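Enquirer: After the structure tokens below, expect a handful of questions from me.
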Amino acid sequence: MSDFQPGDVVQLRSGGPLMTVHNLGLGHADVHCAWVHGAQPGNGAFPAVVLRKVPPSKDEACAEYDRNKAEALRTVQRDTIQHLTRGQHPGVRHPDVVYAGEVVPSEPSVPE
């Protein structure tokens with residue numbers, strides 16, 4: 001049984017073009033792959049033992065990191081807005097925030 005899954009990028013252990021796994025044969029002994037070499041597409045089945053997984057490129061890893069970071073930032077922004085608009089904690093108010101529709105009170109006068 002092989003470690004490969006459809007969508008994995010693989011290469012022959014001896015080299016050659018990068019290939020994408022699109023199907024696994026009976027018992028996962030054969031790995032069916034597709035590739036493009038130059039402008040010529042190809043496909044074929046290979047014994048799992050002659051293939052190796054190719055790790056994602058640095059660019060792909062950086063892009064994935066950026067997507068995760070952006071999603072985390074959106075989550076923090078959404079949660080902060082909900083908190084400040086009392087959507088998450090009714091009645092809880094931040095002392096330095098003027099909420100929509102509020103009138104800003106004037107400074108209290110100090111008796112002389």
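Enquirer: Would you pick out the residues in the range 39-69 that are part of a strand (DSSP E or B), in contact with a strand residue (DSSP E or B) (Cβ under 9 Å, 6 or more places away or on another chain) and loosely packed, with under 11 Cβ neighbours inside 10 Å? Break it down into steps so the answer makes sense when it comes.
Expert: Pass one, the range 39-69, residues part of a strand (DSSP E or B): 40-47, 51-53.
Adding the requirement that they be in contact with a strand residue (DSSP E or B) (Cβ under 9 Å, 6 or more places away or on another chain) leaves 41-47, 51-53.
Matches in the range 39-69: P41 only.
Enquirer: Here's a follow-up. Could you say whether any residue in the range 77-94 is at pLDDT 60 or above and under 15 Å from Q5 (Cα atoms)?
Expert: no
The values are calculated or read from the model by the stated rules, or taken from the named source; none is laboratory data. Fair warning: this is a prediction, and the values are worked out from it, not measured in the lab. With ideal geometry, Cβ positions are generated from the backbone for all residues, glycine too; neighbour counts draw on all protein chains shown.
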